[in-house]
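Before we start, here is the structure in question, set down as structure tokens.
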Amino acid sequence: MGSHDGEADELPPPPPVRSDMVPIKAEYVVGESPPNMPVKPKRVPMARPGVGRKGQSIHLYSNHFEVSVNGPEDFFFHYHVNLKFEDGRPVDGKGIGRKVMDKLQQTYHSELSNKDFAYDGEKSLFTVGALPQKKHEFTVVLEEASTGKTAANGSPGGDDSPGGGDRKRVKRLYQLKTFKVEISFAAKIPMSAIGQVIRGEESKNSLEALRVLDIILRQHSAKQGLLVVRQSFFHNNPSNLVDLGGGVMGCRGFHSSFSGTQSGLSLNIDVSTTMIVKPGPVIDFLIANQKVDHPSRINWQKAKSALRSLRIKTIHYNAEFKIIGLSEKNCKEQTFPLKQRNGNHGECDTNEITVYDYYKKKGIQLQHSGDLPCINAGKQKSPTYFPMELCRLLPLQRYTKALSTLQRSSLVEKSRQKPQERMTVIDDALQRSNYSSDSMLRSCGISIAPKFTQIEGRVLQAPKLKAGNGEDIFTRNGRWNFTNKKLIQTCSVDKWAVVNFSARCNVRNLIRDLIRNASAKGIQMDQPLDVVEENPSMRRAAVSRRVDDMFEQIKSKLPGAPKFLLCLLPERKICEIYGPWKRKCLADYGIVTQCLAPMRVNDPYLFNLLMKINAKLGGLNSLLQIETSLAIPHVSKVPTIILGMDVSHGHPGQSDRPSIAAVVSSRQWPHISKYRASVHTQSPRLEMMSSLFKPQGTDDCGLIRESLLDFYTSSGNRKPENIIIFRDGVSESQFTQVINIELDQIIEACKFLDEKWSPKFTVIVAQKNHHTRFFQTGSPDNVPPGTVVDNVVCHPRNFDFYMCAHAGMIGTTRPTHYHVLRDEIGFSADEMQEFVHSLSYVYQRSTTAISVAAPIRYAHLAAAQVGTFLKYEEMTDASSSQGGHTSVGSAPVPELPRLDEKVRSSMFFC
């Protein structure tokens, strides 16, 4: 045998590894642990322990359509696609790939054994059965309407001369582009792996097979000219568009994807909405987008950012181009070199001419673009300039910037649909999509049933609640009220004051009505120490100065530090003062604060305000009867902590904003209604939580330690024996990371506190962002609150269920999809579903059941509120008082200020 690096190769080679094996990451550092230490097996999501039986039966339809597969003996062949221009440069523009591959299929159909293929638009291509060779190379010529590639002289629309005939112009606009395409074999996927999906035996092959089917759907829609966004498809149909203002439109389309369920392979079809740029004249878009009344008021720096990469059609050439920027000067001053024949043997002279004069010479009189910049649709080095008024934005172009609050609420309002209407639209989408005509789906032997799937659901009984004086609260349709009842545990509001940031309101009446309502609910509320009005001279000052000045006034006017501040904000509650004010109160001074924007103040509004104040100051509004009688299975008899974990990210268009991780935890066991929160920043867009366990020397600065210590001190010095984790915002592909990486961090945090302590863990993921909906048979109404489904459309093997705990008042109810990934505590299906259902009734801010378990909603609130502490300017600033944790390849993430000790364990987020 040969040798490597001088060392004899004495051992035989290892046996070949099966193709479906997933390598397990070593859990120890080489050299630190004994080499014979067993590698920890990877945890996988648990199997379903059975189905639930409790509740009243209800007949439902679901927007899943049964799929039958008749060709599972064959193989999908996966090929890697490499697209290059003639000169060897890689093709990176989106959209061009599909055109090239369509043309390739037309041109070389016989060389490809007349095979259909599914192309993902980028680097992957799939066929049913193999292509003739492992590697193919083709040359593809596209006759393409000009994409802004022009002669190097940078003249508008290319090399031109006055008097040049039409033939020349047409030839110039339809350029012949040559591409080199390499198709090379990458992998072979058995179609029988689709059967694994249905049995719940997910493997790399089964997930790939499903991906191929989804790519076929995407290609099918792309060929019909639809806008494709992941698995959602959008027609350019005026009846699907709603104007959201600001040059943005909501576009309604449909979502379509395959999944494995208990009843087999299913196609899930649902209504979907995306934002697009309002098509039409570019100048109209900019005026609307910047909310100005005249082009002269447009901020061109903002305009450049809003227009970059959008596609336009020019009126005079009827050709399409992509915007790369704006000219430095306006149309009357921006020059470019124009080549013109001088008559001597076809030689050319080059003269500088302004864009405006060029069009004038062409007989195109510009009405209002002379004093505006031109659009550059060429290249940075060889620009192609078009006057604004000759350019129109093409339809179906996504708008990816953050929406304003107004646009967001308008989108929500305008995209609501009642259950019946939604069913009709879904049915229509299935008919129109005409999947039966797709040759690729046919070659996979796939046919789709045209009927909604029928399901048997169950409606769980609502939990009973307790109010003050031992009175019962009866819930009806997921709602209840406190008429003639007191709150169960009330705080006293003393040493408090009102601060008014120039809100127009009768403060004296507000205080009088608030104290009257408080008294009726059992809250002892004193008269405020003072009402501190904002100094009128401060109204136009910077926000931080306004907040600082208000605190100076508080210090000079009040006898000592207040325990509570009621803050009146102008316009709306979440305004620019909100974040700096909350930060000052909670982080700098440790004062509980409640903000309001007193627009329409009435008794129900004030009662809602008092519920929040009571919870923030340590009270409780209501409790579950089973909580007071200690009758919650597994939770009431054994010290149990409930954690809610969530990561919130900046809106689209705020890619450098740090993500914010929040952990809320229950306290004062055996209560499950009282919570506190810890919040950290982490790298932008990082979904996995990076700071659950953060050892620093002999200390742990992670989020979990704080929760465990607080539970211990607030629960009579008891350690939790059970830890129930609710995790929000992760997709199926991240489940194994949650139960391996995140759960390991939590176990480490426990061991760091006490090496001998081994609590039992239950891990539940909640998903709202999915497309499964339920409809009542024979009723136009939403499904009743308490509806639970754990069959037919659920996972074929894993422990999951859908729950609609709330009463859907508007639109169609969106169920929450719960996945129990691990359960060491040992809940039965019924116990788990009832426990999760009851957690929708402990949310202290409202008198309705909410759509997701309260700890998760609290984690959202805590992350959102503490997120407002970080001003956007600071977020792009690398400096950090506590040295933030660094994100890979970018600046350190600014740390959040720690909350003052006095409020750290309060429900400040309520």
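For the stretch 443-457 and the stretch 782-860, what is the separation of their Cα centres, given in Å?
The distance from the Cα centre of the stretch 443-457 to that of the stretch 782-860 comes to 26 Å.
Okay, next question. Could you tell me the relative contact order of the chain? Use alpha-carbon pairs under 8 Å, at least six residues apart, and round to a whole percent. Don't jump to the answer; show the numbers that get you there.
Numbers: 1841 pairs, mean separation 125.3, N = 910.
Relative contact order for the chain comes out at 14 percent.
Let me ask something else about it. Arrange the peptides 522-533, 505-516 so that the one whose residues have, on average, the most other Cβ atoms within 10 Å appears first. Mind showing how you got there, number by number?
Working: 522-533: 17.2, 505-516: 15.2.
With the highest mean Cβ count within 10 Å placed first, the list reads 522-533, 505-516.
Would you mind counting up the charge near GLU533? Only other residues with Cβ under 15 Å from its Cβ, with Lys and Arg at +1 and Asp and Glu at -1.
Computed value for this residue: +1.
Taking amide H positions as placed in the peptide plane 1.01 Å from N, state which residues far from ILE825 in sequence (5 or more) or on other chains have amide H under 5 Å from it.
When sequence neighbours closer than 5 places are left aside, the close amide H contacts are PHE761.
Please report the accessible area of THR350 (heavy atoms, 1.4 Å probe, ligands and nucleic acids excluded) in Å², nearest 10.
80
Still on this structure, please answer the following. What angle do you read, to the nearest 10 degrees and between 0 and 90, between the alpha-carbon axis of helix 96-107 and the longest principal axis of the chain?
Its long axis makes an angle of about 50 degrees.
Do any trypsin sites (Lys or Arg not before Pro) in the stretch 181-262 lie in a DSSP loop with no more than 13 other beta carbon atoms within 10 Å, and if so, which? Don't skip to the answer; put the middle values down first.
Details: sites: LYS188, ARG199, LYS204, ARG211, ARG218, LYS223, ARG230, ARG252; in loops: ARG230.
Answer by residue number: ARG230.
Could you do me a favour and compute the accessible area per residue for the stretch 388-489, 1.4 Å probe, result in Å²? Mind dumping the intermediate values first?
Numbers: 5500 Å² over 102 residues.
With the other protein chains kept in place, the stretch 388-489 gives 54 Å² per residue.
Which of rounded, prolate, oblate describes the stretch 797-845, given a ≥ b ≥ c as roots of the alpha-carbon gyration tensor eigenvalues and a/c under 1.5 marking rounded, otherwise prolate only if a/b is larger than b/c?
Working: a/c = 2.93, a/b = 1.59, b/c = 1.84.
In terms of gyration-tensor shape, oblate.
Tell me the carbon and sulfur percent of the accessible area for the stretch 390-445, rounded to whole percent, probe radius 1.4 Å. Before the final figure, lay out each step's value.
Values: 1470 of 2920 Å².
Roughly 50 percent of what the probe reaches on the stretch 390-445 is carbon or sulfur.
Shifting gears a bit: Given only helices, namely DSSP H runs of n ≥ 4 each adding -39500 (n - 2.57), what is the per-residue ellipticity at 222 nm of the chain, to the nearest 500 deg cm²/dmol? The partial results should precede the final answer.
On the way: 20 runs with 205 residues, N = 910.
So the helix-based figure for the chain works out to -6500 deg cm²/dmol.
Enter the accessible area per residue of the stretch 660-790 (Å², integer; probe 1.4 Å; all protein chains in place). Before the final figure, lay out the partial values.
Details: 4520 Å² over 131 residues.
That works out to 35 Å² for each residue.
Quick one: compute a quarter of the convex hull surface over the Cα atoms of the chain and quote it in nm². Before the final figure, lay out each step's value.
Details: hull surface 191.0 nm².
Average projection, Cα convex hull of the chain: 47.7 nm².
Could you name the lysines whose alpha carbon sits less than 26 Å from that of LYS557, not counting residues in the same chain fewer than 8 places away?
Excluding near neighbours in sequence, the set is LYS495, LYS573, LYS582, LYS584, LYS616, LYS902.
Here's a follow-up. Ranked highest first by average number of other Cβ atoms within 10 Å, how do 452-459, 475-482, 847-854 line up?
Working: 452-459: 18.4, 475-482: 16.9, 847-854: 22.8.
Per-residue mean Cβ counts within 10 Å order the peptides as 847-854, 452-459, 475-482.
Residue by residue, what Karplus-based ³J(HN,Hα) values in Hz, rounded to whole numbers, does the stretch 226-231 have, using 6.51, -1.76 and 1.60 with θ = phi - 60° and x for Gly and Pro?
7, 6, 10, 10, 6, 9
To continue, here is another question. Take the alpha carbon atoms of the stretch 70-144, find their center, do the same for the stretch 491-553, and report the distance between the two centers in whole angstrom.
What the calculation gives is 68 Å, centre to centre.
Would you mind telling me the share, in percent, of accessible area of the stretch 571-673 contributed by carbon and sulfur at probe 1.4 angstrom?
Values: 1870 of 3470 Å².
C and S fraction of accessible area: 54 percent.
Right, something else. Quick one: with all protein chains in place, what share of the accessible area of the stretch 210-253 is carbon or sulfur, to the nearest percent (1.4 Å probe)?
So the carbon and sulfur contribution to the accessible surface is 48 percent.
Rounded to the nearest 20 debye, what is the charge dipole size of the stretch 591-744 about its Cα centre when +1 sits on each Lys and Arg Cβ and -1 on each Asp and Glu Cβ? Kindly include the intermediate steps, with their values, before the conclusion.
On the way: 14 positive and 14 negative charges, 96 e Å.
The dipole magnitude comes to about 460 debye.
Another question about this same structure. Can you tell me the 0 to 90 degree angle between the C-alpha axis of helix 419-433 and the longest principal axis of the chain, rounded to 10?
Its long axis makes an angle of about 30 degrees.
If you place +1 on the Cβ of every Lys and Arg and -1 on the Cβ of every Asp and Glu, how big does the dipole about the Cα centre of the chain come out, in debye to the nearest 20? If you can, show how the numbers build up before the last one.
Working: 116 positive and 93 negative charges, 528 e Å.
Approximately 2540 debye in magnitude.
Okay, moving on. What accessible area per residue, rounded to a whole number of Å², is obtained for the stretch 800-858 using a probe radius of 1.4 Å? Walk me through the numbers before you get to the answer.
Values: 1240 Å² over 59 residues.
In whole numbers, the stretch 800-858 has 21 Å² accessible per residue.
Along the three principal axes, how long is the stretch 43-126 when you take its alpha carbons, biggest first, rounded to the nearest angstrom?
68, 30, 29
Taking the stretch 333-481 on its own, what percent of its Cα-Cα pair distances exceed 18 Å? Don't jump to the answer; show the numbers that get you there.
Working: 8965 of 11026 pairs.
Value for the stretch 333-481 (Cα pairs over 18 Å): 81 percent.
Okay, moving on. Just to make sure I understand: if all protein chains stay in place, what is the order of ARG308, ARG297, ARG797 by accessible area at 1.4 Å, largest first? Let's see the in-between values first.
Values: ARG308 120, ARG297 150, ARG797 90 Å².
Largest to smallest exposure gives the sequence ARG297, ARG308, ARG797.
Separate question: Between VAL531 and ALA402, what FRET efficiency comes out of the Förster formula 1/(1 + (r/R0)^6) with R0 = 41 Å and r the beta carbon distance, rounded to 0.05? Mind dumping the intermediate values first?
Details: r = 36 Å, r/R0 = 0.88.
With a Förster radius of 41 Å, E is 0.70.
The values are calculated or read from the model by the stated rules, or taken from the named source; none is laboratory data. Owing to the predicted nature of the structure, the values given are computational and were not obtained by experimental measurement. Positions of Cβ are generated from backbone atoms using ideal geometry, with glycine treated the same way; all protein chains shown enter the neighbour counts. For the accessible areas, the whole protein counts, side chains as well, though only heavy atoms, and no ligand, DNA or RNA atoms are used. Shrake-Rupley method; radii C 1.70, N 1.55, O 1.52, S 1.80 Å.
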